[in-house]
1. In nm, give the distance between the simple-model label positions of Lys111 and Gln54, each being 7 Å from the Cα along the Cα-to-Cβ direction.
2. Add +1 for every Lys or Arg and -1 for every Asp or Glu among the other residues with Cβ under 13 Å from the Cβ of Asn165, and state the total.
3. So for region 3-303, averaging the separation of alpha carbon pairs under 8 Å that are six or more residues apart and normalising by length, what relative contact order in percent results?
4. Would you compute, from DSSP H runs of 4+ residues alone, the mean residue ellipticity of the chain at 222 nm, taking -39500 (n - 2.57) per run and dividing by the full residue count, rounded to the nearest 500?
5. Please list 4-16, 47-59 highest first by mean number of surrounding beta-carbon atoms within 10 Å per residue.
6. Sorted from fewest to most neighbouring beta carbons within 10 Å, what does the list Arg191, Arg307, Arg141 look like?
7. For region 162-266, what does the alpha-carbon gyration tensor say about shape, rounded, prolate or oblate, given a ≥ b ≥ c as the root eigenvalues, a/c under 1.5 as rounded, and a/b over b/c as prolate?
8. Quick check: Cα centre of region 182-260 to Cα centre of region 117-169, how many Å?
Amino acid sequence: MRITVIAMIKNAADIIETFIRGNAQVADNFVILDNLSTDNTIVILEKLIEEGFQIELLKDPANAYEQDKRMNMLLRYVNNKYDPDFILPLDDDEIIFSTLKDVDARSAIAKLEKDKLYFATWRNYIPAEDDDPEDLCVPRRLRYCFHENMASYSKVIIPNQIAKNESFALAMGNHDMIGEGIVRVQLSNLRIAHFPCRSRAQIISKALVGWTNFLANPMKKPGDAVHWKRIYDLVRDREELSIEDLWSICMMYLHPFNAHDLSIVKDPLDISEDCFVMRYTIKDEIDPLMNYMLNTEHLAEEYCEMRKKLSGQGGDSYSGQDDQK
């Protein structure tokens, strides 16, 4: 049996090592599309490849955030090249695990039928005041999560038979597939540990870069990436993010959310200690200002090239006349 993880990543240097080590307990290989990371994400992935992890690293040359389009491209690419039994579309802040002590996640997936689409629910982890700031391993540092009686989103597990049907397509966020006649099954024994908000620096970088790139996507639709907009507005309006601010950001990943039902438990991710080894991750990996500056530079270069092409096709070139008015 072959299980392949596909992922689109950007600026994940604080968690990418754990993402690979954690999900390698389940997956045979990874196909990762990097969307112009400006931190040490690529360096860390290259070291993990040298260590022996089966990672195919692809580069996305465009800033504009087109996750659904890119993930469907990865889905078809992996089907043709690796023909896996199951494909797991994950984000860089997610680790799949089993809730059963005597059945690991890989064994649980192996028992699934190949003609149904499966869903594993998020377990959303949150930062807390007593987190150890010196611990570089995100899943070991973040031990608190929202109680599972609070409704949350799920992520798909795609069997071979579903993945090969070209009439089906991944929906935005990898929360579902679009298509007629799909039998959907919610799994009770698998979860996705989700670490969307890991530090103040990480969430500021995500907001500044993510929302800016989303705005640059000409194919964006009203209602997409609304959580990024809300995070961006929060970062813009605060001099410094408090723990309460970070919690409010984490609550955006609950659906539907009712503040009166808020319940938090201490339930650290229980997987092999091998997943928590930190060989390449360093302290203070995230530099929000540098990430934003380098990303904006690239956006400006893309815009310049677009203007050149338009001018070459007979479009009006800039004359400077507007500056003289």
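Since every read-out is calculated from the coordinates, none of them should be taken as a lab result. As the structure is a prediction and not an experimental result, all values here were calculated from the model. Counting neighbours? That spans all protein chains shown, and the Cβs are built from the backbone with ideal geometry, glycine included.
1. My value for the distance between the label points is 2.4 nm.
2. Numbers: positive: Arg76, Lys114, Lys116, Lys164; negative: Asp115, Glu166, Glu180.
With Lys, Arg at +1 and Asp, Glu at -1, the net is +1.
3. Working: 540 pairs, mean separation 77.7, N = 301.
With pairs under 8 Å counted, the relative contact order is 26 percent.
4. Values: 10 runs with 111 residues, N = 325.
Theoretical 222 nm ellipticity from helices: -10500 deg cm²/dmol.
5. On the way: 4-16: 25.7, 47-59: 14.2.
Top of the packing list down: 4-16, 47-59.
6. Numbers: Arg191 23, Arg307 13, Arg141 20.
Lowest to highest Cβ neighbour count: Arg307, Arg141, Arg191.
7. Numbers: a/c = 2.49, a/b = 1.39, b/c = 1.79.
Oblate, because a/c is 1.5 or more while a/b does not exceed b/c.
8. Region 182-260 and region 117-169 have Cα centres spaced 13 Å from each other.
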